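The values are calculated or read from the model by the stated rules, or taken from the named source; none is laboratory data. None of these values were measured; they are calculated from a predicted model. Cβ atoms come from the backbone with ideal geometry, glycine included; neighbour counts cover every protein chain shown. Side chains included, ligands, DNA and RNA excluded: accessible areas come from the protein's heavy atoms. Shrake-Rupley method; radii C 1.70, N 1.55, O 1.52, S 1.80 Å.
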Amino acid sequence: MATPAPPRWDRKMQQRLARGEEAALAELYDRYASLVHSLAHRVMEDDEAADLITREVFGYVWENPDAYDPRDGSLRSWIASLTQRHAVSQLRQYENRGRSTPAEVEERVREANTAARADFIVTSMPTPLRAALELAYRERLDYRAAAAGLGVSEDEARRRLRLGLQLLSTAMEPGGGPDQGLGRPGGRPDPRGPR
């Protein structure tokens, strides 16, 4: 199966970063800093550590704009996987310093993997399904109000919500659903961490 072309914005952003445009980094930060910080915080459970990881991730992107390969997925997924790798690496260092037990580390890594899979699934699901979920959960609308907001029948709104939730539920299954481009084609994590 052919990999879909990345969004035009992703390609342009990568080109701008490669040219060293500081405005591109600022725009990327504005767009993804909250995602990076929340994923890092979910792993680390510490604001200062999440702040540090956020700086590290955007520093890495600035210094290595060519590390992103648009053929492997969206820029958002790449940044999310980069964040996860940085946070898990930091968490394992904490374990080595006696700040966390191996069991605590592994539980937090599992939770981070689930969160990253859920984020990937939501961002890569078809737009009609994602729009239905956003209306139902962000706007707290029932399926009738979601149907009106989407301009579809109530049956169609229910169908979209059901399919979206079925896709999202695969994030909870170990190995379920697509692993969001954890740095390599096929969703396999890169054991070397960030390249």
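Only one of (1) in contact (Cβ under 8 Å) with a residue 40 or more places away in the chain; (2) within 17 Å of the chain's Cα centre (by Cα) is not met by Met13, so which one is it? Here Met13 clears every test but (2). When Ala112 is tested against the conditions (1) surrounded by fewer than 17 Cβ atoms within 10 Å (Cβ to Cβ); (2) among the hydrophobic types (A, V, I, L, M, F, W, C); (3) touching a residue at least 60 places away in the same chain (Cβ under 8 Å), the lone failure is (1). Among the residues of this structure, Gln84 counts as one that is of a type outside the set (A, V, I, L, M), surrounded by 23 or more Cβ atoms within 10 Å (Cβ to Cβ) and farther than 16 Å from Arg31 by Cβ. In this structure, does Gln93 turn out to be of a type in the set (S, T, N, Q) and closer than 20 Å to Asp119 by Cβ? No. Only one of the numbered conditions (1) within 16 Å of Gln15 (Cα to Cα); (2) modelled with pLDDT of 90 or more; (3) within 16 Å of the chain's Cα centre (by Cα) is violated by Ser34, and that is (1).
Of all the listed residues (Ala103, Ala148), the sole one being open to solvent by 60 Å² or more (accessible area, probe 1.4 Å), out of contact with any Ser or Thr (no Cβ under 8 Å at 6 or more places or on another chain) and modelled with pLDDT of 90 or more is Ala148. Pairing each residue of the range 145-157 that is outside any helix (DSSP H, G or I) with any residue that is aliphatic (A, V, I, L, M), provided the two are 6+ apart or on different chains, yields C-beta distances under 8 Å for Ser153/Ala147. When the residues of the range 115-143 are filtered to those that are β-branched (Val, Ile, Thr) and surrounded by fewer than 16 Cβ atoms within 10 Å (Cβ to Cβ), the one that is nearest to Ser38 (Cα to Cα) is Thr123.
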